[in-house]
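Data block below; observations after.
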Amino acid sequence: MKRLQGIWKALSVSLILSFGAVSTSSAVDYGRTAPVQKMAPKFSTQTKKLVPLVVPASRPDLKPNSITFSPGKPVPGDTVTVSVTVWNVGQKISPATVVSLKMMATYPPQGQTPPVFTAAAPLASIEPNRAKVAQFVITMNNATRGQWKAETVVDMPNTVPEANEANNTMHQLFQVL
């Protein structure tokens with residue numbers, strides 16, 4: 001037992017010297033309270049340094065925020081107005097771009113191939129921390145009843161250099177009655 005305690009103590013000292021910063025707290029050890037040392041990681045001079053991810057702060061960042069439908073639950077053949085709200089969550093004004101929309105049945109009836117509706121709309125430049133709405137008017141001819149999915153992509157041609165290129169898509173489910 002004494003030999004195990006000595007090994008544990010040597011290992012603890014070795015870890016403390018390797019990692020640097022130490023704080024203490026209490027923990028239960030064989031039914032009694034004993035100090036336990038918690039170490040914050042610290043890179044030694046022998047390891048490679050981590051480089052922080054640099055996000056360009058002086059770029060726009062376009063992000064779709066909502067997709068709404070009017071009427072909310074269309075029937076086949078209805079003309080639907082789809083509004084896509086896009087925010088510029090970046091720190092610089094965004095140039096004009098394009099918003100695309102694709103609507104398709106999520107579970108088409110067996111043996112039927114429902115249509116896929118696609119459209120694109122221009123989106124004017126947006127100031128930082130502001131939003132604009134792109135509107136689409138689509139007639140849902142030959143649409144099947146059931147659940148549909150509307151997908152939107154902001155800056156589909158990828159012409160706007162953004163702070164985050166990964167947040168340009170969004171989808172919304174809706175029902176065709």
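The values are calculated or read from the model by the stated rules, or taken from the named source; none is laboratory data. Just so it is clear, the structure is predicted and the values come from calculations on it, not from any experiment. FYI the Cβ positions are ideal-geometry reconstructions off the backbone, even for glycines, and counts take in every protein chain you see. The protein model used for the area step is the full one, side chains on, heavy atoms only, and it has no ligands, DNA or RNA in it. Shrake-Rupley method; radii C 1.70, N 1.55, O 1.52, S 1.80 Å.
Annotations
- Qualifying positions in the stretch 122-135 - of a type outside the set (Asp, Glu) and surrounded by fewer than 17 Cβ atoms within 10 Å (Cβ to Cβ): Pro122, Ala124, Ser125, Pro128, Asn129, Arg130, Ala131, Val133, Gln135
- Residue among Thr118, Thr85, Thr106 that alone is farther than 25 Å from Lys132 by Cβ and either touching a strand residue (DSSP E or B) at 6+ places or on another chain (Cβ under 7 Å) or open to solvent by less than 70 Å² (accessible area, probe 1.4 Å) (or both): Thr106
- Failed condition for Gln135, given (1) closer than 25 Å to Val160 by Cβ; (2) at pLDDT below 95: (2)
- When the residues of the stretch 136-152 are filtered to those that are surrounded by fewer than 19 Cβ atoms within 10 Å (Cβ to Cβ) and touching a residue at least 60 places away in the same chain (Cβ under 8 Å), the one that is nearest to Ile67 (Cα to Cα) is Thr139.
- Annotation note: of Pro115, Pro157, Pro122, the sole residue that is touching a Ser or Thr at 6+ places or on another chain (Cβ under 9 Å), modelled with pLDDT under 90, within 30 Å of Gly77 (Cβ to Cβ) and not β-branched (Val, Ile, Thr) is Pro115.
- Pair list, Cβ < 9 Å and 6+ apart or interchain, from the stretch 163-177 residues that are touching a residue at least 40 places away in the same chain (Cβ under 8 Å) and open to solvent by less than 80 Å² (accessible area, probe 1.4 Å) to residues that are in a strand (DSSP E or B) and acidic (Asp, Glu): Met170/Glu151; Gln172/Glu151
- Only one of Lys63, Lys92 that is surrounded by 11 or more Cβ atoms within 10 Å (Cβ to Cβ), modelled with pLDDT of 90 or more, under 21 Å from the mean Cα position of the chain (by Cα) and farther than 15 Å from Asn167 by Cβ: Lys92
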